[in-house]
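Just below is one structure, and these are the notes that go with it.
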Amino acid sequence: WTMLHLHHLDSLGLFDNNVFMMSGASGGNMGLSMYTFLKARHRGDLKPIKAAIEEIGATNFLSGDFTGLITRFPINFLPDLPGWSAAELEDRAEAMARSYYRIVGTNAGAFHYDSIRNQPYSAIWEKNDYKLPLFISNTTRAEDGMRGFAHPLKKIDLSPGMIDLTFNGAGVLSFPDAAFLANRFPIMSPAGRIEGKGHFVDAGNSDNSGISTIMHFLRYMELGSKDTTATGKTYARFLS
């Protein structure tokens with residue numbers, strides 16, 4: 001649904017050079033991330049983007065989710081057997097991400113799931129001269145309800161009540177992991193653990209739209225517009 005609306009906006013010529021930033025929560029966050037990824041891969045060519053959206057819409061993801069729920073969930077409570085570990089199995093969010101990227105990605109190369117997952121969140125912006133709108137992915141920390149976010153820019157401090165997950169103790173957060181970290185429903189999916197940051201679940205637990213993240217970012221930009229440091233130049237590059 002989210003991708004269809006963005007594609008319609010795009011087909012009217014109101015996306016490229018008009019949309020500066022997107023931010024979402026839960027399933028909407030997934031739609032925004034997938035459309036961002038498709039735009040990066042196809043560089044604005046709307047035909048393959050529409051084909052991918054239609055294939056996603058025609059795919060029965062629910063059966064896979066349900067199967068994973070009734071098999072993966074009880075396995076978590078079994079002790080590890082010799083030569084086999086439940087920890088090595090994909091959880092619901094990871095399996096879902098791989099299924100989506102099978103459709104929107106490629107069989108090999110820079111846009112393959114295994115490739116993009118080993119790169120930083122900003123990779124699809126850095127390796128593409130196409131003017132791709134910014135996309136901030138949101139999530140919620142389970143321990144205290146604070147909102148976590150990932151972005152393609154340099155390290156920023158939006159608000160005392162928000163946690164920047166782009167750079168963390170374990171390295172950097174990839175684009176697929178950040179996108180599907182926003183859609184980890186409690187019970188249905190285990191929380192995603194990020195070293196040194198905590199456990200993170202569905203973004204809707206703290207902000208059901210992602211709009212507040214944009215509000216904080218715009219306020220930060222107002223301060224950054226007066227900055228002459230590298231951070232200020234980063235914003236100027238995206239605004240030009």
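Summary table
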{"read-out": "Near pairs, Cβ below 6 angstrom, 6+ apart or cross-chain, from the stretch 89-115 (over 26 Å from G44 (Cβ atoms) and aliphatic (A, V, I, L, M)) to any residue that is modelled with pLDDT under 85 and in a helix (DSSP H, G or I)", "value": "A93/F180; A95/G68"}
{"read-out": "Per-region count, the stretch 1-57, residues farther than 22 Å from R98 by Cβ, polar (S, T, N, Q) and in a helix (DSSP H, G or I)", "value": "1"}
{"read-out": "Pairs, first of a type in the set (S, T, N, Q) in the stretch 184-212, second buried (at least 17 other Cβ atoms within 10 Å of the Cβ) and at pLDDT below 80, C-beta under 7 Å, six or more apart", "value": "S189/D91; S189/R92; S189/A93"}
{"read-out": "Residue satisfying all of: in the stretch 28-37; open to solvent by less than 10 Å² (accessible area, probe 1.4 Å), of a type outside the set (S, T, N, Q) and in contact (Cβ under 8 Å) with a residue 60 or more places away in the chain; farthest from S206 (Cα to Cα) among these", "value": "F37"}
{"read-out": "Complete set of residues in the stretch 7-27 that are within 18 Å of A58 (Cα to Cα) and open to solvent by less than 30 Å² (accessible area, probe 1.4 Å)", "value": "H7"}
{"read-out": "P133 under 20 Å from A40 (Cβ atoms) and under 13 Å from the mean Cα position of the chain (by Cα)", "value": "no"}
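For every residue, the table says whether it meets (1) open to solvent by 20 Å² or more (accessible area, probe 1.4 Å); (2) at pLDDT 80 or above.
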{"position": "P186", "(1), (2)": "yes, no"}
{"position": "A191", "(1), (2)": "yes, no"}
{"position": "K197", "(1), (2)": "yes, yes"}
{"position": "T213", "(1), (2)": "no, yes"}
{"position": "K233", "(1), (2)": "yes, no"}
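The values are calculated or read from the model by the stated rules, or taken from the named source; none is laboratory data. Bear in mind the structure is a predicted one, so any value in this text is a computation, not a measurement. Here the Cβ is made from the backbone with ideal geometry for all residues, glycine too, and neighbour counts use every protein chain on show. In case anyone asks, the SASA skips ligands and DNA or RNA and just uses the protein heavy atoms, side chains included. Shrake-Rupley method; radii C 1.70, N 1.55, O 1.52, S 1.80 Å.
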